[in-house]
Amino acid sequence: MLEFRVLGPVGLWSDGVEVPLGGCKQRTTLAALLLADGAVVSDSDLGGVLWERRPPATYQAQIYTYASRLRRHFRAGATITRRGRGYRIERGDARFDLDEFHRLAEEGQSLLRSGRTGDAAARLRAALDLWSGPTLTGVTDALVDNERSRIEMARMEVLESRIDADLHLGRHRQLIIELTQLVEAHPLRETFRAKLMIALHRSDRQAEAFETFHAGCALLREQLGVDPGPTLHSAHQALLAGDHAPALSGRGDLVAGPTG
């Protein structure tokens with residue numbers, strides 16, 4: 001089985017063994033073609049991400065070399081073909097971790113909408129487990145700048161939905177450490193702070209829940225000059241009302257309290 005990976009270090013695996021690729025340029029070529037999702041990537045676009053938008057005069061010949069070296073490792077219908085003034089990757093029967101992530105995420109969201117929360121949490125967790133490090137490790141900064149943010153945004157949305165599902169399943173105590181770390185890593189992301197407030201509140205740690213809210217308010221005003229948004233405000237109002245089942249903001253739109 002051939003496997004392409006971009007959710008962490010960019011690489012190519014064959015039957016569970018990593019294929020030794022060249023350096024940054026070859027990995028960047030592979031990743032750029034994979035992320036095009038079957039579309040042709042022009043020589044100029046590849047040159048832009050390979051040489052930080054300043055390709056050398058021989059850039060087309062060098063791209064040809066990178067593509068040829070990659071192609072030697074392909075099998076099971078996977079190949080890189082020259083199309084016009086660019087290249088296109090065909091994955092054949094090879095596995096691609098980003099595709100697998102999107103498939104599992106969509107299945108998890110569908111299960112959330114149908115009320116199968118336990119199955120949804122498992123599916124969303126499986127999607128997140130595909131990450132082995134920062135997205136697109138080992139490629140040029142230009143490709144990272146172009147692509148990493150949209151992939152990481154999708155990961156964040158799935159993470160929020162998985163946390164919502166776990167809250168719905170009554171796993172609030174187990175979530176406190178994870179949510180505390182997420183708030184520390186993303187202090188201005190109100191959704192994580194709201195979910196931490198909910199988890200603390202349901203764990204009979206009301207004082208800490210209110211402290212989390214007020215710390216967030218102070219940070220938002222200090223760094224952005226704004227008041228809390230609807231998500232954080234809704235969680236705060238739920239605490240004031242003693243509501244153990246405030247609305248959550250994840251993609252699953254779960255509003256019910258824990259099931260046990």
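The values are calculated or read from the model by the stated rules, or taken from the named source; none is laboratory data. For clarity, every value in this text was computed on a predicted model and none was experimentally measured. Positions of Cβ are generated from backbone atoms using ideal geometry, with glycine treated the same way; all protein chains shown enter the neighbour counts. Please note that ligands, DNA and RNA were not included when accessible areas were found on the heavy atoms of the full protein model with its side chains. Shrake-Rupley method; radii C 1.70, N 1.55, O 1.52, S 1.80 Å.
Condition check ((1) at pLDDT 95 or above; (2) basic (Lys, Arg); (3) open to solvent by 40 Å² or more (accessible area, probe 1.4 Å)) across all residues:
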| site | (1), (2), (3) |
| --- | --- |
| ARG5 | yes, yes, yes |
| PRO9 | yes, no, yes |
| VAL41 | yes, no, no |
| LEU50 | yes, no, no |
| GLN62 | yes, no, yes |
| ARG88 | yes, yes, yes |
| GLY92 | no, no, yes |
| ASP99 | yes, no, yes |
| ALA105 | yes, no, no |
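Working only within region 181-209, note down all residues that are open to solvent by 20 Å² or more (accessible area, probe 1.4 Å) and either out of contact with any helix residue (DSSP H, G or I) (no Cβ under 9 Å at 6 or more places or on another chain) or farther than 18 Å from LEU239 by Cα (or both).
Hits for region 181-209 are GLN181, LEU182, GLU184, ALA185, HIS186, PRO187, LEU188, ARG189, ASP204.
Report every pair of residues separated by at least 6 positions or lying on different chains whose Cβ atoms are under 7 Å apart, first residue within region 108-132 and among the acidic types (Asp, Glu), second buried (at least 16 other Cβ atoms within 10 Å of the Cβ).
ASP119/LEU111
Please go through region 128-160 and pick out each residue that is under 9 Å from the mean Cα position of the chain (by Cα) and more than 30 Å from ARG53 (Cα to Cα).
Passing the criteria: LEU128, GLU157, VAL158, LEU159.
Return the residue satisfying two criteria in turn: it lies in region 146-178 and is under 23 Å from LEU46 (Cβ atoms) and in contact with a helix residue (DSSP H, G or I) (Cβ under 9 Å, 6 or more places away or on another chain), and of such residues it is surrounded by the fewest Cβ atoms within 10 Å (Cβ to Cβ).
Per the criteria, the residue is ASN146.
Only residues in region 189-212 that are within 13 Å of LEU240 (Cα to Cα) count as the first member; pair them with residues that are of a type in the set (Phe, Trp, Tyr), Cβ under 6 angstrom, at least 6 apart or cross-chain, and list the lot.
Partner pairs satisfying both residue conditions: MET197/PHE213.
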